[in-house]
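Only one structure is covered here, and it is reproduced in the block below.
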Amino acid sequence: MDDNGISVKKMMSLMAAKVDAIAFSASSEQIGAFLGGITKAKRVFVMGAGRSGLVAKSFAMRLMHAGFYSYVVGETITPPISNEDLFIAFSGSGGTKTIADIADTAKSLGAEVALITATPDSRIGKIADYIVKIDTQRDLVIEDEHEYEIRQMLGAYRSFAPLGTLFETAALIFGDAAISTLMDMQKIEESDLKKRHTNIE
């Protein structure tokens, strides 16, 4: 039996348990306000750095599939932002300089700002109209017998998801869950998404 293969499967189970705990710790009010900001915006501009940038691009793509006008900040075809638009930052720290600078610019141009973060009390958090906290501190706590058993088997007393992995994983799942909810809110069918999916790849 491959011990490394078993280790990966157990790590997956532990990560899933952590994401589940994060999901139920999130504020329904924060999430509802965030979704309302998306639905009232004329256009949505999305940004993140590093792996969070990949999560942001994934969210922007699904928004487009769902029929929203969405753009990734920094792309060559991104139009100017206005006071009818929403800027969304995916940032665990809420303080990455490049993202914070652009959030400041978006705010100064009249756009609303949303932040998906592990750190609400941050530079971007201080100017954000909408904040959704992804509580990655739950990575530091043994919360139930299932998790304890997995850690015992793995000898895993260190962080099992280094360098922001837990935030990025939870943020990706949050984004997909938000799209599913927006589809329900707007009565959007999966067939509508398929019509907007690229056909030239």
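The values are calculated or read from the model by the stated rules, or taken from the named source; none is laboratory data. Quick caveat, the model's predicted, so the values are computed rather than measured. Heads up, the Cβs are rebuilt from the backbone with ideal geometry, glycines too, and the neighbour counts pull from every protein chain shown. Ligands, DNA and RNA are stripped out before the accessible areas are found, and what is left, the full protein with its side chains, is counted by its heavy atoms. Shrake-Rupley method; radii C 1.70, N 1.55, O 1.52, S 1.80 Å.
Averaged over its residues, the range 1-129 has an accessible area of 49 Å² per residue, based on protein heavy atoms and a 1.4 Å probe.
Roughly how many percent of the accessible protein surface of the chain is carbon and sulfur, given a 1.4 Å probe and a whole-percent answer? For the chain, the apolar C and S fraction of the accessible surface comes to 56 percent. Taking label positions 7 Å along the Cα-Cβ direction at both Ser27 and Ser180, the computed distance is 2.4 nm, reported to one decimal. For the peptides 102-108, 5-11, residues were scored by their other Cβ atoms within 10 Å and the scores averaged per peptide; the highest-first order is 102-108, 5-11. Between the helical axis of 50-65 and the longest alpha-carbon principal axis of the chain there is an angle of about 60 degrees. In order along the range 109-119, the phi-based Karplus estimate (6.51 cos²θ - 1.76 cosθ + 1.60, θ = phi - 60°) of 3J(HN,Hα) comes to 8, x, 6, 7, 10, 10, 10, 9, 7, 9, 10 Hz; Gly and Pro are listed as x. Straight-distance candidates among the lysines for linking to Lys10, with alpha-carbon spacing under 22 Å and chain neighbours fewer than 8 residues away dropped: Lys18. Seen against the Cα atoms of the chain and their longest principal axis, helix 3-25 is set at about 50 degrees.
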